[in-house]
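Each remark here refers to the structure printed beneath this line.
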Amino acid sequence: MPLHQTLHRLSTKVKKIISNQQQQYYRLRVPGSQTENPLNLHTDTLEEPATSTSNKSKEKEKEFRHHHNPQPLSLWSSLKLKPTTQSVSETAAVLLMGLLGMVYQGTQQLPPPQTTEDSSPSSSSSSSSSLMKSRIKLNDGRYLAYSERGVSKEKAKYKIIIVHGLGSSKEMNFLAPQELIDELGIYFLLFDRAGYGESDPDPKHTVKSEAFDIQELADQLELGSKLAGVSLVVPVVNYWWPSLPKSVIKDDYRKKLVKWSLWFANHVPALLYWWVNQKWLPSTAVLERNPMFFNDRDIEVLKTISGFPMLTQDKLREKSVFDTLRHDFMLAFGKWEFDPLDLSNPYPQNESSVHIWQGFEDKVVPVQLQRFVSGKLPWIRYHEVPDGGHLIVHYDGVCEAILKALLLGEDPVSYRPSTDKILP
């Protein structure tokens, strides 16, 4: 049998298996059962950070000395900058978007930063200079592209770095109300992660290098040395984190799908590249209407926006795009250098906060996993959109709530998780 027919049959069988497992998975969620959610869902209790550091980790910290105050080498602890007596205008916060990042929006883009410079005959050269400065050169020689939005950096009371997810870029949108941006004085910094958009790929791409890129970007743009907080919007949960118990993931059909995808990405990338470019595979337009991945509200959102342009077959035919997405997927679900569930509270004095935002009906990153993570790390402030799917940042009021929780410490009652709701 020809190879393409074999793969086509394999694809059909895989989809049937996934569909059957998905139905079985939901049948297991019987009404009234709470056995798979033995968690403390929401608490403001803070635990003291660990004080001991292994000799091995101390040696690893010496590998990175570009900052005058070197930080530990992990995605979270590298952002755990020491509190200072600086004013709020000298702080920065971080928003990390989830697995599929944010889809592109044709309208209501975040406004460009306000400037106080007067127009002059040299405006053309100034514009060219500004364009040239939209990339920084990192210590390892790579270039990182960025975009600035909101109020000017000089006038900002709050500076927020937005980190996009899989298949997105610095051109993504964050639907924050203009009135709130002006009222709070928010400056947004968006950037293309390594290999995306106009940023160079990183041949040594790791979870730690992601944190270093953010830190070096903040340093070069002089955003300040104090981190005001972190918000993670539908963040990825890796099925192979050591502290994630099998009882939480054993019936999750997504684990097998991820496992097979990782195997193809690791061992036969050329075959995977050929496969995703076949015309008989469903287009992203079909996937965006698939209730297997998106709930009803997500599908309504996708009817009004342009979707995931990096995941189209035209884009995937570009080898550089395919390689970036493949490496990013492998990074998210591969072996990490640390276990996030062992992290200690980066803000023991409650000087800042870490938040997770999750949709209760998310079919890409299941709510059960996020509830477990927030229960394991009780210093995280966990928020849950009751009828939300994976695209909660496109729902009315959610972005405003994210900003107010992160910057003002608000705890919206409507987004508190309910123990009475039956898990999907």
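Restricting attention to the range 226-266, the residues that are of a type outside the set (Gly, Ala, Ser) and open to solvent by less than 30 Å² (accessible area, probe 1.4 Å) add up to 19. The residues of the range 356-413 that are open to solvent by 10 Å² or more (accessible area, probe 1.4 Å), of a type in the set (D, E, K, R) and over 20 Å from residue 244 (Cα atoms), listed by number, are 361, 387, 396, 400, 404, 410, 411. What do you reckon, is residue 213 acidic (Asp, Glu), in contact with a Phe, Trp or Tyr (Cβ under 9 Å, 6 or more places away or on another chain), open to solvent by less than 30 Å² (accessible area, probe 1.4 Å) and outside any strand (DSSP E or B)? Spelling it out, residue 213 is indeed acidic (Asp, Glu), in contact with a Phe, Trp or Tyr (Cβ under 9 Å, 6 or more places away or on another chain), open to solvent by less than 30 Å² (accessible area, probe 1.4 Å) and outside any strand (DSSP E or B).
Residue 167 satisfies every condition listed in (1) closer than 27 Å to residue 314 by Cα; (2) surrounded by fewer than 20 Cβ atoms within 10 Å (Cβ to Cβ); (3) among the small types (Gly, Ala, Ser) except (2). Summed over the range 177-197, residues that are of a type outside the set (S, T, N, Q) and more than 14 Å from residue 213 (Cβ to Cβ) total 11. Of the listed requirements (1) farther than 23 Å from residue 159 by Cα; (2) of a type in the set (Asp, Glu); (3) not in a helix (DSSP H, G or I), residue 222 misses just one: (1).
When every residue of the range 329-345 is checked against the conditions, at least one turns out to be more than 19 Å from the chain's Cα centre (by Cα), touching a residue at least 40 places away in the same chain (Cβ under 8 Å) and surrounded by fewer than 18 Cβ atoms within 10 Å (Cβ to Cβ).
Would you confirm whether or not the range 166-183 contains a residue that is modelled with pLDDT under 95, in contact with a helix residue (DSSP H, G or I) (Cβ under 7 Å, 6 or more places away or on another chain), within 22 Å of residue 397 (Cβ to Cβ) and aliphatic (A, V, I, L, M)? Yes, some residue in the range 166-183 is modelled with pLDDT under 95, in contact with a helix residue (DSSP H, G or I) (Cβ under 7 Å, 6 or more places away or on another chain), within 22 Å of residue 397 (Cβ to Cβ) and aliphatic (A, V, I, L, M).
The values are calculated or read from the model by the stated rules, or taken from the named source; none is laboratory data. Bear in mind the structure is a predicted one, so any value in this text is a computation, not a measurement. Here the Cβ is made from the backbone with ideal geometry for all residues, glycine too, and neighbour counts use every protein chain on show. Please note that ligands, DNA and RNA were not included when accessible areas were found on the heavy atoms of the full protein model with its side chains. Shrake-Rupley method; radii C 1.70, N 1.55, O 1.52, S 1.80 Å.
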